[in-house]
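Peer 1: Before I ask anything, let me first share the structure, which is written out below as structure tokens.
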Amino acid sequence: MGAKMNEVAVIIPAHNAGRTIAQAIRSALAEPEVFEVVVVDDASGDNTAAVAQGMDDGSGRLRVMALPRNVGPARARNLAIAASTAPWIAILDSDDAFLPGRFARLFAHRDWDLAADNIVLIPDHYRESAALPEVPDFHDDARMLSLPAFIAGNLTSGRMARNETGLLKPVMRRSLLEKTGLAYDEDLRLGEDFILYVRLMARGARFLTIRSCGYVAFQRGDSLSAQHRTDDLGSYARAARQILAQDPLSDEARSMLIRQERLTRNKYHHRLFLDRKRARGLADASTEALRDPRRVLPILRLTARDKYMTLMRRLGLAAVPHHATGIRFLLEGRTNP
């Protein structure tokens, strides 16, 4: 039987997620709008596939694909999307979960191609608790997100902040992907979501946001997003440059993306400097950096920032990371009366 108009394919790429995958799958299968759940076990070294298969609820909606070699989240997502059929696509990270009623709240609004709700960020230790912390009932406050505003909301100084729009988890219209021929950039292991959304919006996709919470992101210090490699930053910057060269952007969106690319490129060169310093010493790293004087000031600034934060932590004056203290929200919201 084929999917209906508002039915969703939930895509879950997973690597060594045996501890968390059950909760993710359970939360997806609990949503009545979910037509299918496709889990891609990306060559895990643990029992991810077995745990995922054990979550079959008998509805025939769960499919587990096991890959023989690790291909990364972008390729895993593309494979799962190609294997699914529902008219809407939702990405769920293997260590996250949906809140009840997520899709009903999103589909209550019309005329969008991408729609994302608020994300509640919860310390990982709550995963073992009998119940999650109470999540406020935020007003939907639905609004369309322009491309310049989306890019501007992703401009950060390196520490997670509210309104980091590249972390939103929108539901996507499948026909939009088919019409544009776009997919996740398989060369990326960082920023693949942001790059895809920018390219879709550059081609006219309407991006709706609501402030009510429907997605739980469990926060821990050893998450994959906190462990990106130096090369990942370089690939992310190159993807942004490719958009600037090829995609139709307004002047305002172009200006914002230029800033995003420059910030990412500066972080990349800073990480290259640190890698070379560890491998070959300060003198060699400094000599290499001076080959392009434009890199020197960003490297000095980022090095000074890191040393300042290290000092503040030693003095006990730096803020404790949010994932260790309590819940917070990606988007600000106002509670219903």
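Peer 1: Among the residues of region 307-333 satisfying the criterion of being modelled with pLDDT of 80 or more and outside any loop (DSSP other than H, G, I, E, B), which is surrounded by the fewest Cβ atoms within 10 Å (Cβ to Cβ)?
Peer 2: K307
Peer 1: Could you please let me know if L196 is of a type in the set (A, V, I, L, M, F, W, C), surrounded by 18 or more Cβ atoms within 10 Å (Cβ to Cβ) and over 17 Å from R75 (Cα atoms)?
Peer 2: no
Peer 1: When both residues are 6+ apart or on different chains and their Cβ atoms are under 6 Å apart, which pairs have a first residue that lies in region 69-86 and is at pLDDT 95 or above, and a second that is crowded, with 18+ Cβ neighbours inside 10 Å and among the hydroxyl-bearing types (S, T, Y)?
Peer 2: A74/Y184; R77/Y184; N78/Y184
Peer 1: For the condition under 26 Å from the mean Cα position of the chain (by Cα), part of a loop (DSSP other than H, G, I, E, B) and either hydroxyl-bearing (S, T, Y) or crowded, with 18+ Cβ neighbours inside 10 Å (or both), what is the one hit in L272, L302, L249, L257?
Peer 2: Every option except L249 fails the conditions.
Peer 1: Looking at region 185-242 only, could you name the residues that are polar (S, T, N, Q) and modelled with pLDDT under 90?
Peer 2: Once the filter is applied, which keeps residues that are polar (S, T, N, Q) and modelled with pLDDT under 90, region 185-242 yields Q219, S223, S225, Q227.
The values are calculated or read from the model by the stated rules, or taken from the named source; none is laboratory data. Since this is a predicted model, take the numbers as computed values, not measurements. Because the Cβ atoms are built from the backbone with ideal geometry, glycine has one as well, and the counts that use them run over all protein chains shown.
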